[in-house]
Amino acid sequence: MKPNTALLHYAEDPSDWQGAVNPPIYRTSLFCYDSCQQMIDAGEGKITHYSYTRSGNPTTHVLEEKIALLEHADGAVAFGSGMAAISTCLLAMVRSGDHVLLTNNAYGPVHRLCNHTLARFGVTTSYYKPGDAADLDANIPEHTRVIYLESPGSMTFEITDLRAVSAVARRRGIVTIIDNSWATPLYQNPIDLGIDLVVHTGSKYLGGHSDLVFGVAAGSRELIEQVHRQACELGGIISPEDAYLAIRGLRTLPVRLAQHQRSAMQIAAWLSEQPLVTDVLYPGLESFPGHALAASQMSGYSGVFTFKLQPKSREANMAFVDALLPLFRLGCSWGGFESLVIPAFGLDGSAYRVSIGLEDVEDLQNVLAGALDAYDAHS
Ligand SMILES: Cc1ncc(COP(=O)(O)O)c(C=O)c1O
């Protein structure tokens, strides 16, 4: 089944649900048994029977099956947030004395998780630059258990050579985990390139409506069973209601992403022609340094990118952002229906990350043009 069709129909059978065209929300903590024999058979794995929502729920299962199919994985586990997915995967893979090699462009709280929490349990962390992937072999400490990647990075959009990293990791018996939230499984399938585990913050494009926080992890049967066992112990699962909202968000992912991509491409190209703009960090632009590598491992580009302006005062930066606010929202998330802006390196940095939403692109461009005029008026 192709992805667009899968998002609508895969793992769903209305005849199981009185003909309901959407999966019911199984709002229950507990699933009880018809008989002692049924309980015994379920315990011995002879029949499939849900027992308790922390370990599995039919609504959540629909979401997990769809994600597994999209990520070309054997299985998936859904979580109450992207960080729950990331922390559970890391904790499932490491033990005291292990080392984690972390890309230096990883989402900030992942750095803190490694340097604070994992460090307390004797797990060490060091860093590599996404551009150094080809020379990684010589720089991997002996006891490295996990290489963690984020490609494209979600602030400055560096592209990591996924084939190169996974080849080294496989040879050395190291587990690779990638945050695939920016590209989504529609535009990048890391498992096909040799990566072991894929994690997402579903709070961005997968949910798509800025009304939901969730996460997912996908991988081989063996690894995902370990992740599932760890999830049952740590308990950071998604609620059935949120799993339903995630399924609903996923149904429109292909059309939303296509529009995000079209608008972002147009705005990024337009920005790169503006005299005040010194750089546009959008992997979809041919002028972007990582574009060729991106094109070799991705089939499309989503709508989040950063651009830099000729450096000016804090007042100029504030005037620029405030002039965007009739249409853009000021906030740090991304991937929703609404356009967002956030100063990429603080209010003195003259660099902005935007998440291009589903508004008419002419309206967005007009507001950006006005904000550039406001910036120009300041020193
Ligand atoms: C790239 C990236 N990964 C992971 C996360 C964490 O996801 P969540 O907020 O769903 O826990 C975020 C959140 O902003 C993110 O931007």
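Points to keep in mind about this one:
- Here Thr176 meets the list (1) within 11 Å of the ligand (Cβ to nearest atom); (2) more than 13 Å from the chain's Cα centre (by Cα) almost entirely, failing just condition (1).
- Wholly enclosed helices (runs of 4 or more DSSP H) of the range 169-283 bearing at least 3 residues of a type outside the set (A, V, I, L, M) and farther than 22 Å from His9 by Cβ: 221-234, 253-272
- Gly349 being part of a loop (DSSP other than H, G, I, E, B) and surrounded by 16 or more Cβ atoms within 10 Å (Cβ to Cβ): no
- Residues of the range 69-85 that turn out to be away from the ligand (no atom under 11 Å from the Cβ) and surrounded by fewer than 23 Cβ atoms within 10 Å (Cβ to Cβ), as a count: 4
- Matching option when the condition is free of Cβ contacts under 8 Å to residues at least 40 places away in the same chain and in contact with a helix residue (DSSP H, G or I) (Cβ under 9 Å, 6 or more places away or on another chain), among Phe288, Phe328, Phe305: Phe328
- Only one entry in Gly370, Gly349, Gly331, Gly290 is over 30 Å from Asp161 (Cβ atoms) and more than 16 Å from the ligand (Cβ to nearest atom), namely Gly370.
- Given (1) within 28 Å of the chain's Cα centre (by Cα); (2) assigned to a helix (DSSP H, G or I); (3) surrounded by fewer than 17 Cβ atoms within 10 Å (Cβ to Cβ); (4) among the aliphatic types (A, V, I, L, M), index of the condition Ile40 fails: (1)
- Positions within the range 1-32 being modelled with pLDDT of 95 or more, exposed (fewer than 12 other Cβ atoms within 10 Å of the Cβ) and outside any helix (DSSP H, G or I), in sequence order: Asp13, Gln18, Gly19, Ala20, Val21, Ser29, Leu30, Cys32
- Failed criterion for Thr88 (all others in (1) away from the ligand (no atom under 16 Å from the Cβ); (2) polar (S, T, N, Q); (3) modelled with pLDDT of 95 or more hold): (1)
The values are calculated or read from the model by the stated rules, or taken from the named source; none is laboratory data. On a predicted model such as this, the values are computed, not experimentally measured, just so you know. All Cβ positions, glycine included, derive from the backbone under ideal geometry; neighbour counts span all protein chains shown.
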